[in-house]
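Dropping a structure here in structure tokens format, bear with me for questions.
The values are calculated or read from the model by the stated rules, or taken from the named source; none is laboratory data. The structure presented is a predicted model; accordingly, all values stated were derived computationally and were not measured. We work out accessible area using only protein heavy atoms, side chains counted, and drop any ligands, DNA or RNA first. Shrake-Rupley method; radii C 1.70, N 1.55, O 1.52, S 1.80 Å.
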Amino acid sequence: MPWALPAVFCVLAPLTVGVNLASSAPAPNGALPRAQAVEIKPAPQKVPNNGCPAKPQYVDTHAGQNFLCGSAPNKQFYPGPLDVVWATGKNDKIWAQNTKPNEIHGVASVKAYVDVVDCPVHGIPKATIVPQCPARRTRSASSSDSTSSHSSGVQSRAPTQIIPASPVDGPYSCSPSPPDPGISGDGWIGWSWKQPGPCYYLIPPDVHCTETSGQLIVDAQAPQMAAVNANKGTVDWQFVAWSLIIYKQDATTQPVTWKVIHQTPFYWSKPTDLFDVPLSAVAPNNWRLFSAEKDGAPAFSTHAGTFRLPSLGTYTFNFSYEWYGTPSAGEGLKPLPQASYLEFVSGYHLNARSGANVVPVYPNLTNLAWDPAACTFSQ
């Protein structure tokens, strides 16, 4: 794409036509921009090979989350904090006593040395887990963490358009919001499809517009996403993903339309929930492309990309988020709920530098700090 600047950590791809989106929430003070009905690319159905790289990996090789996977017999796995392990070789050993969470999968002959935050361990007999994981409860969490009609099973669906006019993402805020004050202090925002219902937590990304040497530049940070706390007292792990969508306003139509001019690929990560690990252990997501050949190392942690816009005008931005549903990890544990969410970047997270101005998507709204906003480049 000729107008996209290559970023160190971001690979750009042309827009792929996907599923038609429809609004599920009324716009404040008037009709929604008709860009909501434009077809965009939905998130892939699943992460290939459970995130395992194309080649076997047994040792933590880089900062951030590693996926250690191998099927050869008698291998030793050395995961670092927040690494995921898939050990399927006969008599393999997993050395996961690093004091931080790990998600661990194995088979009957594997032996795992774990911390309590690694429990439950999947597929490995209780007798070969050191120390043994405590017995799990048969019921978990309160109704506020239960799954809803929007999040049953592992089926994926098209994103649902929601345009918030407040700092709370989604139709409902989580109650209490948030359960841990330290989470909001770190910038996490929680929302729910229904009350009661599961709470989805993310840190919305920042987008910066500027004109540099005659070029119209948008620089975007990546969001941060957390797993749903489906099981209180147990560390939940969940695949999540996002994509950035850039719209340009066409003021020649009435009402004005917003045309998609670019969508980035979707990127995935596998974080924990925020409530069953110390906040100090919650690290930035490591975002990877949906390509097994490229999943051996993280694509990036915070920088989504730098983009050159094609011409003067007004641009607004969506982030499409996906939480992937997962069946129950064992007896007494709830499945992880699935959800899709498409959100305009608010004025609070949109910053215009030299050569650009931030304007509300809806001119009648006055509280620009939280309202959907756009960047305008003009002569």
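Would you check the accessible area of Ile104, probe 1.4 Å, heavy atoms only, in square angstrom rounded to 10?
Near enough 0 Å² of accessible area.
Using the Karplus equation 6.51 cos²θ - 1.76 cosθ + 1.60 (θ = phi - 60°), what ³J(HN,Hα) coupling, rounded to whole Hz, does each residue of segment 254-261 give in order, writing x for Gly and Pro?
Result, rounded to whole Hz: 10, x, 4, 10, 10, 9, 5, 10.
I've got another one for you. If each Cα of segment 261-331 is one equal point scatterer, what is log10 of I(q)/I(0) from the Debye formula at q = 0.17, 0.20, 0.23, 0.26 Å⁻¹?
Here the Debye-derived log intensity ratios amount to -0.89, -1.09, -1.23, -1.33.
What's the long-distance tail for segment 30-132, i.e. % of Cα pairs beyond 24 Å?
31
Okay, moving on. Once you sort the root eigenvalues of the Cα gyration tensor of segment 208-262 as a ≥ b ≥ c, which label holds: rounded (a/c under 1.5), prolate (a/b larger than b/c) or oblate (the other case)?
oblate
Taking only the alpha-carbon positions of segment 62-108 and ignoring solvent, what does the Debye formula give for the base-10 log of I(q)/I(0) at q = 0.18, 0.19, 0.23, 0.33 Å⁻¹?
-0.46, -0.51, -0.73, -1.25
When the accessible area of segment 218-260 is split by element with a 1.4 Å probe, what percent falls to carbon and sulfur?
C and S fraction of accessible area: 51 percent.
Over segment 245-341, average the accessible area per residue using a 1.4 Å probe and give it in Å², no decimals.
Ligands and nucleic acids excluded, the figure is 32 Å² per residue.
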